[in-house]
Amino acid sequence: NAKTTQVKLVLLGEAAVGKSSLVMRFVNDDFQENKEPTIGAAFLTQKIALEDKTIKFEIWDTAGQERFHSLAPMYYRNAQAAVVVYDVTKAASLDKAKSWVKELQRQANPNIVIALAGNKVDLVQPAGEGEDESMENGRQVPTEEAKAYSNETGLLFFETSAKKGDGVRDIFKEIAKKIPLE
Ligand code: GTP
Ligand code: MG
């Protein structure tokens with residue numbers, strides 16, 4: 001039996017980008033069409049087994065509404081991992097995500113593993129055959145833009161759909177791989 005390592009993980013991002021929905025998909029493999037905004041923060045746990053180790057995530061799902069911003073440091077202070085979420089159909093939510101990344105890089109644990117997640121890809125209408133991504137309907141953040149930013153900044157990067165489940169497990173799995181064994 002491989003050793004279980006506990007990892008404190010925090011979710012940050014603008015209101016309504018789908019933080020709670022990503023957690024609900026990862027923890028319960030479920031989705032709610034009209035999920036209520038988080039008040040303060042919610043705490044959930046979920047394990048993920050890799051070949052050589054098991055990680056137990058202790059997840060703090062924070063509230064994105066601006067009135068809760070001042071609470072965030074309590075949740076990211078001792079975090080070993082963070083998932084910063086934006087909505088691919090809302091350009092301003094990427095700006096907010098970038099400001100969370102800056103805050104984490106200034107104030108959080110210097111070894112924190114940060115993943116950027118562009119959520120709600122199911123709302124993007126795919127481009128037609130032979131057309132490029134700029135012909136997609138509903139997308140406000142090009143994949144390449146967010147990917148380039150993530151590479152420059154040293155973040156893991158994923159596009160996800162909490163609704164369909166796409167990419168959700170990958171975020172947690174790739175974070176788990178980057179956590180050093182104690
Ligand atoms: P706060 O708690 O206020 O910060 O919001 P949040 O980031 O936790 O967002 P939440 O998970 O509550 O989702 C907001 C709304 O977006 C809900 O109505 C969800 O059903 C919807 N939603 C979340 N993820 C997705 C997704 O991947 N696709 C679609 N189509 N809708 C989503
Ligand atoms: Mg929430």
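The values are calculated or read from the model by the stated rules, or taken from the named source; none is laboratory data. Quick caveat, the model's predicted, so the values are computed rather than measured. Quick reminder, even Gly has a Cβ in these numbers, built from the backbone with ideal geometry, and neighbours come from all protein chains shown. Ligands, DNA and RNA are stripped out before the accessible areas are found, and what is left, the full protein with its side chains, is counted by its heavy atoms. Shrake-Rupley method; radii C 1.70, N 1.55, O 1.52, S 1.80 Å.
Among the residues of segment 152-162, just one is in a loop (DSSP other than H, G, I, E, B) and open to solvent by 50 Å² or more (accessible area, probe 1.4 Å), namely Gly154.
Per-residue answers, yes or no, for (1) within 16 Å of ligand 2 (Cβ to nearest atom); (2) open to solvent by less than 60 Å² (accessible area, probe 1.4 Å); (3) assigned to a helix (DSSP H, G or I):
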| position | (1), (2), (3) |
| --- | --- |
| Ser93 | yes, yes, yes |
| Gly128 | no, yes, no |
| Glu131 | no, no, no |
| Ser150 | no, yes, yes |
| Ala176 | no, yes, yes |
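Within segment 3-14, one or more residues are touching a residue at least 40 places away in the same chain (Cβ under 8 Å), near ligand 1 (Cβ under 10 Å from one of its atoms) and not in a strand (DSSP E or B). Only one of the listed residues (Phe43, Phe57) is in a strand (DSSP E or B) and open to solvent by 40 Å² or more (accessible area, probe 1.4 Å). That residue is Phe43. Selection of segment 66-91 for residues being assigned to a loop (DSSP other than H, G, I, E, B) and surrounded by 16 or more Cβ atoms within 10 Å (Cβ to Cβ) yields Ala79, Gln80, Val88, Thr89, Lys90.
Looking at segment 16-42, which of its residues are within 13 Å of the chain's Cα centre (by Cα) and either touching a residue at least 40 places away in the same chain (Cβ under 8 Å) or within 6 Å of ligand 1 (Cβ to nearest atom) (or both)?
The first filter runs over segment 16-42 and keeps only residues within 13 Å of the chain's Cα centre (by Cα), leaving 16-26.
Matches in segment 16-42: Ala16, Val17, Gly18, Lys19, Ser20, Ser21, Leu22, Met24, Arg25, Phe26.
Among the criteria (1) among the hydrophobic types (A, V, I, L, M, F, W, C); (2) within 16 Å of ligand 2 (Cβ to nearest atom); (3) open to solvent by 50 Å² or more (accessible area, probe 1.4 Å), the one Ala117 does not fulfil is (3).
Look at segment 15-29 and say how many of its residues are in a loop (DSSP other than H, G, I, E, B) and open to solvent by 30 Å² or more (accessible area, probe 1.4 Å).
Residues meeting the conditions: 3.
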